[in-house]
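Scroll down for the structure; my scribbles are underneath it.
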2 protein chains.
Amino acid sequence: MTCVKMLAAPINPSDINRIQGNYPVKPQLPAVGGYEGVGEEHGRYVVKEQSAWHKINSGTPVEYAATITVNPLTALRMLEDFVDLKPGDAIVQNGATSIVGQCIVQLARIRGIHSINVIRDSALSDEVKEKLKRLGADKVYTETQLELKKFKEFLANIPAPALGFNCIGGHSATTVLAFLGQGGTMVTYGGMSKLPVTVSTSSFIFKDLSLKGFWLQKWLGSNKAEECRVMLDHLLGLVREGKLTYEYVSL
Amino acid sequence: MTCVKMLAAPINPSDINRIQGNYPVKPQLPAVGGYEGVGEEHGRYVVKEQSAWHKINSGTPVEYAATITVNPLTALRMLEDFVDLKPGDAIVQNGATSIVGQCIVQLARIRGIHSINVIRDSALSDEVKEKLKRLGADKVYTETQLELKKFKEFLANIPAPALGFNCIGGHSATTVLAFLGQGGTMVTYGGMSKLPVTVSTSSFIFKDLSLKGFWLQKWLGSNKAEECRVMLDHLLGLVREGKLTYEYVSL
């Protein structure tokens, strides 16, 4: 057992969903309301099995140490586990302002992969576009811009994406599907609009699209403790090098 | 070049779609309106490269020889190419009265795989149910029966299907998705209702479903000539042994 004094822990949207009982797997009560955090080893306070903790480099900013698992690890796994992407390939995502979205932009850029990003329309759209482009986004479009449906022109000199990420559902998911190239895969990891994903039959038959899902809790549950440590070290290393940065964007 | 006198050729729904121009790949005109048929080698008549023809056992009923490629081969590939099924596993399909559907029931049974079949409501539902059960179907339900939504009870002592087939779309596709077990895959190969497939976000995230498509013309186009011959011989062998039979069911 290890005793840890908690320093910081984030509230992720998935924590709210879990507390509201929206998740099919219910925790046994009493339960902790969140999934991640950072602390200092100490004589008392939070006591958990040593395997639940991951030692980190003391030079790591506390806000990143506290938040590196849920969102950045989701971004990393989704970029690695579904399609074998090569430098010069492209991905497309909606909800690009989310922390997962910001991480996808940067982790893709590090690998030389283009990103096409769809964001909500808001008074701050232009500011958000600039912000995402500074992180390395190749293209950022609002949902309204995409109503023109000239997806090929929107791609310009970027190849049609082989991989797409959807955390919204509804029309926004349809936009991601429209950007995907022949044989592309869309991974759903959230449903912020609470609307389902609607797909034409011909997208499956003629465009040969595949639709899948990703849930980090399931991935973490499948004996990935050792792999997970390596990945968190990798991600925190990128943070310390200034190659991975993210913050909550209010719209 | 081989000269063949055509004896018989079927009109499949996919031929109608192709003639109506519903397919994204348009044939160069003048073009033959169908994809399969049977004939006798002869001095004149239809002339095509030898590789376009497949020699068959002369004991094969002509109506099966003429129709063995488009529908039975689709059934065989879809059962083999997406999920590694083992005896005792189950599949679910809508449009079970189609020729692909009838073939799936029988090819599954030969491998010891259970089939759950969804059919349209009609005055002939009971007759169709009996017919499919004689072919080896474990369960046959009309769409109206399934509105009760007791999918677990409908499965009874059959495991939740790992693989589903959809040729209808709309609500009927939703029924196939509801039957699928955790981590299951639904393959769409047709869209007879002309309605899209609608999937909840949680089906992807928590139920870990995958959605894919199958199009035989694409499969045939990918250098599969030799494999294809072996499979057609296999299927026609099953026909001659009385293990594979099918006919057009009018509803």
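The values are calculated or read from the model by the stated rules, or taken from the named source; none is laboratory data. Since the structure is predicted, the reported quantities are computational estimates derived from the model, not experimental observations. Because the Cβ atoms are built from the backbone with ideal geometry, glycine has one as well, and the counts that use them run over all protein chains shown.
General remarks:
- Qualifying positions in the range A:149-171 - polar (S, T, N, Q) and either at the interface with chain B (Cβ under 9 Å from one of its Cβ atoms) or buried (at least 22 other Cβ atoms within 10 Å of the Cβ) (or both): A:Asn166
- Every pair of residues 6+ apart whose Cβ atoms lie under 9 Å, when the first sits in the range A:109-137 and is basic (Lys, Arg) while the second is surrounded by fewer than 13 Cβ atoms within 10 Å (Cβ to Cβ): A:Arg111/A:Lys86; A:Arg111/A:Pro87; A:Arg120/A:Leu251
- Residue satisfying condition, being in contact with a helix residue (DSSP H, G or I) (Cβ under 9 Å, 6 or more places away or on another chain), over 16 Å from B:Ala173 (Cβ atoms) and either among the hydroxyl-bearing types (Ser, Thr, Tyr) or crowded, with 20+ Cβ neighbours inside 10 Å (or both), within set B:Ala108, B:Ala96: B:Ala108
- Taking the range B:34-119 and the strands (runs of 3 or more DSSP E) fully enclosed by it, the elements with 3 or more residues that are of a type outside the set (Gly, Ala, Ser) and closer than 30 Å to B:Glu147 by Cα are at B:90-93, B:114-119.
- Which numbered condition B:Ile113 misses (of (1) on the phi > 0 side of the Ramachandran plot; (2) crowded, with 18+ Cβ neighbours inside 10 Å): (1)
- Check on B:Asn22, at pLDDT 85 or above, at negative phi and part of a loop (DSSP other than H, G, I, E, B): no
- In the range A:195-208, the residues that are outside any helix (DSSP H, G or I) and facing chain B (nearest Cβ under 7 Å): A:Pro196, A:Val197, A:Thr198, A:Val199, A:Ser200, A:Phe206, A:Asp208
- Among (1) at pLDDT below 95; (2) under 30 Å from B:Gly184 (Cβ atoms); (3) outside any loop (DSSP other than H, G, I, E, B) - the single one A:Met192 does not satisfy: (3)
- Unmet requirement for A:Pro10, which otherwise passes all of (1) exposed (fewer than 14 other Cβ atoms within 10 Å of the Cβ); (2) touching an Asp or Glu at 6+ places or on another chain (Cβ under 8 Å): (1)
- In the range B:217-235, the residues that are within 10 Å of another protein chain (Cβ to nearest Cβ) and either free of Cβ contacts under 8 Å to residues at least 12 places away in the same chain or hydrophobic (A, V, I, L, M, F, W, C) (or both): B:Lys218
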